[in-house]
Ligand code: PEP
Ligand code: MG
């Protein structure tokens, strides 16, 4: 195993067998863009915290174990700091100094020692409890700067834990990746991706993951090129290796030659210029040659994305995945926080509408508070649910944990007077769930009327259609809601029985599967028969390859990652809606995804000719 000394300032946790010459690895194009940069390998293996009661005679040795682990962490940080000084990574050096201060802070060490002594528990458990307590105190602070320091404490705690259990045997701790690096990991959680965005990394490369896994969606939202599903790429890359990442083609080039590096730098510049040129249509409507109009909206995960979405010409927010805001929390967000965030978003998006999807927590969108809540509710830890994608998640969880749900709904209602708010319920399987969710919304409204709190009386309430059952009863659902939005990421997952997070079945993710097209058609027809608009907000809407098919299927609105808006708009403005409907009629007669795709690719060839290297290649 290479030590940190061999592989530069950052460490690789696995033995690395680098290729001897240039090698291209193919994965899934998860987020477009090209980057050239040095690898930064991250080990995201979760640390287990063993919990053990100890006899009184073990207290002294447990205290010694803690002291040794702390000293070792200190030494590791010191060594790394020295290394960084040699390589001029000043900024990271300053962060490490802050970590050393936390490591020696009496608020971390003293309570941990006290717990070992008084509660008679092992050092890992005692430290874990202290870190959790400190994090909760940070959470209660209003200023964001201080709230964010909780992750620094967590980092330091993890470092000591690794030393305690021996898995931190590597002599270098993990530090935030330097700006401009290419992060290489087995897998990343959505929360990791948010951190990487803040660290201004150049690209992301992972062994695991699919095109619609939430870390891929976030990478796209933040404009970070990403290639996922590369299987064993972490075994071939060491920190510091130079890499080329092509997020459009889903390729990673190892050991690139100088010529290749120059070629890709040139490509990256030219892509950037072409996207800028496409933005000249920013304020033009997505109107076809025969004057059919499609609403183009953006999907967002964080309030900070709003200006970016509007700059790319979004006519509103079609999907705000509110749960991302709270993923790193260990306690439940309060009504006031929902209100403040929502008010900020509706104000910034006005006069356009902002569609807030209520909590869609679960599977990979798991917050620490969720673990506690579901664990208590089910009597088992969340990660022990046998089929989390089919488990107690999303709206089901909200209908069970009504206090959490009501805090969000009341916050949204209070914000509704500050702009154009729309509320959307995820994971609706049928009318009963829709009615239950609406009843809770009405309960919140009634409470607020009694309390004299103002809200917009006419907030449109919509649903996501992302389960085959919802498609089959779309006519009933359409009569009881104000709008519908098709979530193809989950609809494809549930209809084709493929786990959207599992790279091994990624090849089955076929938006053009005849079953998917028929389900979209059926939903649109049901919505229109009831006089309701039908949107699509799954990733299928982001790819210009599908834009004319979706036009022909008569979707009213398409909501997507902001960066895809100029490409989709370009295609739609050149298209003819009547011709698109005829194309769809032909497609619906075809028996397989391959047959349909062949026709679509052929049909789209001239539309995509000048966009080909800007869109993800599948
Ligand atoms: C979907 O399922 O298509 C969707 C948009 O929701 P998410 O990706 O957040 O599950
Ligand atoms: Mg979904």
Exercise. Give me a count of the residues in segment 449-476 that are more than 16 Å from ligand 1 (Cβ to nearest atom), touching a helix residue (DSSP H, G or I) at 6+ places or on another chain (Cβ under 6 Å) and within 23 Å of residue 532 (Cβ to Cβ).
Key: 5
Exercise. Answer with yes or no whether residue 300 is within 19 Å of residue 555 (Cα to Cα), within 16 Å of ligand 1 (Cβ to nearest atom) and surrounded by 15 or more Cβ atoms within 10 Å (Cβ to Cβ).
Key: no
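Among the residues in segment 523-531, are any within 25 Å of residue 220 (Cα to Cα) and buried (at least 23 other Cβ atoms within 10 Å of the Cβ)?
No, segment 523-531 contains no residue that is within 25 Å of residue 220 (Cα to Cα) and buried (at least 23 other Cβ atoms within 10 Å of the Cβ).
Conditions tested, residue by residue: (1) modelled with pLDDT of 85 or more; (2) buried (at least 24 other Cβ atoms within 10 Å of the Cβ); (3) in contact with a helix residue (DSSP H, G or I) (Cβ under 9 Å, 6 or more places away or on another chain); (4) assigned to a helix (DSSP H, G or I).
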| position | (1), (2), (3), (4) |
| --- | --- |
| 188 | no, yes, yes, no |
| 192 | no, no, yes, yes |
| 197 | no, no, yes, yes |
| 211 | no, yes, yes, no |
| 215 | no, yes, yes, yes |
| 227 | yes, yes, yes, no |
| 240 | yes, no, no, no |
Quiz item: Assuming residue 523 fulfils every condition listed in (1) within 18 Å of residue 295 (Cβ to Cβ); (2) within 12 Å of ligand 1 (Cβ to nearest atom) apart from one, which condition is it?
Solution: (2)
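If only one of 573, 582 is surrounded by fewer than 23 Cβ atoms within 10 Å (Cβ to Cβ) and touching a strand residue (DSSP E or B) at 6+ places or on another chain (Cβ under 8 Å), which one is it?
573
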Practice problem: Looking at (1) surrounded by 16 or more Cβ atoms within 10 Å (Cβ to Cβ); (2) more than 16 Å from ligand 1 (Cβ to nearest atom), find the lone condition where residue 359 falls short. | Solution: (2)
Self-check item: Selected residue [away from ligand 2 (no atom under 16 Å from the Cβ), in a helix (DSSP H, G or I) and buried (at least 21 other Cβ atoms within 10 Å of the Cβ)] from 342, 277, 314
Solution: 342
Practice problem: Among the candidates 476, 504, single out the residue that is in the same structural domain as residue 595 (by TED's automatic domain parsing), at pLDDT 95 or above and either within 16 Å of ligand 2 (Cβ to nearest atom) or in a helix (DSSP H, G or I) (or both). | Solution: 476
Quiz item: Would segment 251-262 turn up any residue that is surrounded by 14 or more Cβ atoms within 10 Å (Cβ to Cβ), part of a loop (DSSP other than H, G, I, E, B), on the phi < 0 side of the Ramachandran plot and in the same structural domain as residue 22 (by TED's automatic domain parsing)?
Solution: yes
Quiz item: For segment 95-127, which residues satisfy the criterion of being in contact with a strand residue (DSSP E or B) (Cβ under 7 Å, 6 or more places away or on another chain), crowded, with 19+ Cβ neighbours inside 10 Å and not in a helix (DSSP H, G or I)?
Solution: 121
Quiz item: Residues in segment 420-433 that are in a helix (DSSP H, G or I) and either within 16 Å of ligand 2 (Cβ to nearest atom) or touching a helix residue (DSSP H, G or I) at 6+ places or on another chain (Cβ under 6 Å) (or both): how many?
Solution: 2
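In the set 463, 486, which member is outside the structural domain of residue 213 (by TED's automatic domain parsing), within 16 Å of ligand 2 (Cβ to nearest atom) and free of Cβ contacts under 8 Å to residues at least 40 places away in the same chain?
Details: 486 fails: free of Cβ contacts under 8 Å to residues at least 40 places away in the same chain.
That would be 463, the only listed residue that is outside the structural domain of residue 213 (by TED's automatic domain parsing), within 16 Å of ligand 2 (Cβ to nearest atom) and free of Cβ contacts under 8 Å to residues at least 40 places away in the same chain.
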Exercise. Quick one: count up the residues across segment 478-498 that are within 16 Å of ligand 1 (Cβ to nearest atom) and closer than 27 Å to residue 356 by Cβ.
Key: 13
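In this structure, is residue 49 modelled with pLDDT of 85 or more and in contact with a helix residue (DSSP H, G or I) (Cβ under 8 Å, 6 or more places away or on another chain)? Show your work before the answer.
Values: modelled with pLDDT of 85 or more: no; in contact with a helix residue (DSSP H, G or I) (Cβ under 8 Å, 6 or more places away or on another chain): yes.
When the stated conditions are applied, residue 49 does not pass them.
Can you tell me which residue among 446, 407, 437, 403 is within 28 Å of the chain's Cα centre (by Cα), more than 16 Å from ligand 1 (Cβ to nearest atom) and surrounded by fewer than 17 Cβ atoms within 10 Å (Cβ to Cβ)?
403
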Quiz item: Does segment 517-543 hold any residues that are more than 13 Å from residue 555 (Cβ to Cβ), out of contact with any helix residue (DSSP H, G or I) (no Cβ under 6 Å at 6 or more places or on another chain) and in a helix (DSSP H, G or I), and which are they?
Solution: 518, 529
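The values are calculated or read from the model by the stated rules, or taken from the named source; none is laboratory data. All values reported here derive from a predicted model rather than from experimental measurement. Note that each Cβ is placed from the backbone with ideal geometry, even for glycine, and that neighbours are counted across all protein chains shown.
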